[in-house]
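Trainee: Below are the structure tokens for one structure; questions will follow.
Since every read-out is calculated from the coordinates, none of them should be taken as a lab result. Predicted model only: the values in this text are computed from it and were never measured. Heads up, the Cβs are rebuilt from the backbone with ideal geometry, glycines too, and the neighbour counts pull from every protein chain shown.
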Amino acid sequence: MIDIENLTRKFDDFTAVDNLTFHINEREVFGFLGPNGAGKTTTMRMLSCLISKTSGEAKIAGYDISDEADSKKIRKIIGLLPENVGLYDDLTAYKNLDFYAKLYECSISQRKENIEYFLKLLGLWDKREVLVGTFSKGMKQKLAITRALIHDPQILFLDEPTANLDP
């Protein structure tokens, strides 16, 4: 499902990811562990086609992260929870999720069903018409998790998923 060989990313003279190689099978859970600055976020950003690689190879579900046409396909099959939630503060919780679900080309019925399901699951259904800018950090994190799941992705990348959440 995810195949990486000698994946490297450099920023000028700084090497953030150095010859990383691994394979992840379908239905397998894989976690990156390491200190700050170890390259975990950079690797996820490359695999999500948000930044380019310097060298090496990486494929997700057979799609090459370096190929422009493949990167669009990769973006459709992954869900990403980045380290910064990146929601629109001037939109309601519901409208934020609906906006992102439209980007993933979810049908109207799928959008409505998934938005209701996840907002209820995470205890935010009663806040669906509230502007996200008024939300606590924990509520925003829950909404960002929902955004990553809204289109039922095949692969889910979670960067610091428990940040700001209560136990």
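Trainee: Taking the Cα centroid of the range 1-50 and of the range 98-152, what is the distance between the two, rounded to the nearest whole Å?
Mentor: Centre-to-centre distance over Cα atoms comes out at 28 Å.
Trainee: Which aspartates and glutamates does Lys59 reach when only Cα atoms under 15 Å apart count, and residues fewer than 8 places away in its own chain are ignored?
Mentor: Straight-line reach from Lys59, under 15 Å: Asp3, Glu5, Glu26, Asp67, Glu68, Asp70.
Trainee: Dipole of the chain (Lys/Arg Cβ +1, Asp/Glu Cβ -1, origin at the Cα centre): which of Thr15, Gln141, Gln154 lies farthest to the positive side?
Mentor: Gln141
Trainee: On a straight-distance basis, which lysines could pair with Lys137 in a cross-link, Cα separation under 16 angstrom, same-chain partners fewer than 8 positions away excluded?
Mentor: Straight-distance partners of Lys137: Lys127.
Trainee: Using the Cα centre of the chain as the reference point, and only Cβ charges (+1 on K/R, -1 on D/E), how large is the resulting charge dipole? Debye, rounded to the nearest 20.
Mentor: Using only the charged Cβ atoms, the result is roughly 480 debye.
Trainee: Which log10 I(q)/I(0) values does the range 93-152 give at q = 0.18, 0.23, 0.25 Å⁻¹ under the Debye formula, counting every alpha carbon as one identical point scatterer?
Mentor: -0.52, -0.85, -1.00
Trainee: Then there is this: Sort Met46, Met1 so the one with the fewest other Cβ atoms within 10 Å of its own Cβ comes first.
Mentor: On the way: Met46 25, Met1 16.
Starting with the residue having the fewest Cβ neighbours, the order is Met1, Met46.
Trainee: Additional query: Among Leu87, Leu121, Ile77, flag the residue with its Cα farthest along the positive direction of the charge dipole of the range 55-127, charges on Cβ as +1 for Lys/Arg and -1 for Asp/Glu.
Mentor: Leu121
Trainee: Quote the relative contact order of the range 8-167 in percent (integer), defining contacts as alpha-carbon pairs under 8 Å separated by 6+ residues.
Mentor: Working: 200 pairs, mean separation 37.6, N = 160.
Reported as a whole number, the value is 24 percent.
Trainee: Given the options Lys76, Lys142, Lys120, which has the most mean-square fluctuation in a GNM of the chain, springs set between C-alpha atoms less than 10 angstrom apart?
Mentor: Looking only at Lys76, Lys142, Lys120, the biggest GNM fluctuation is shown by Lys120.
Trainee: Compute the length gained on full extension between Thr21 and Leu131: take 0.36 nm times their separation in residues and subtract their Cα-Cα distance, giving the result in nm to one decimal.
Mentor: That pair, Thr21 and Leu131, stretches by 35.4 nm at full extension.
Trainee: Could you work out the relative contact order of the range 2-81, using alpha carbon pairs under 8 angstrom and six or more residues apart, expressed as a whole percent? Walk me through the intermediate numbers first.
Mentor: Values: 120 pairs, mean separation 25.3, N = 80.
The value is 32 percent.
Trainee: Still on this structure: Based only on other Cβ atoms within 10 Å, what is the fewest-to-most ordering of Cys106, Cys49? Intermediate results must be reported in sequence, preceding the final value.
Mentor: Numbers: Cys106 20, Cys49 24.
So the ranking, lowest neighbour count to highest, is Cys106, Cys49.
Trainee: Right, here's the next one. Which of Tyr88, Tyr63 has the fewest other C-beta atoms within 10 Å, and how do the rest follow up to the most?
Mentor: Ranking Tyr88, Tyr63 by Cβ neighbours within 10 Å, fewest first, gives Tyr88, Tyr63.
Trainee: Got a sec? Which residues in the range 33-64 would a label at Thr8 touch, if it sits 7 Å along Cα→Cβ and we count backbone N under 15 Å?
Mentor: Backbone N within reach: 53-58.
Trainee: Which of rounded, prolate or oblate describes the range 1-78 when judged by the alpha-carbon gyration tensor and an a/c cut-off of 1.5?
Mentor: It is oblate, given that a/c is not under 1.5 and a/b is not larger than b/c.
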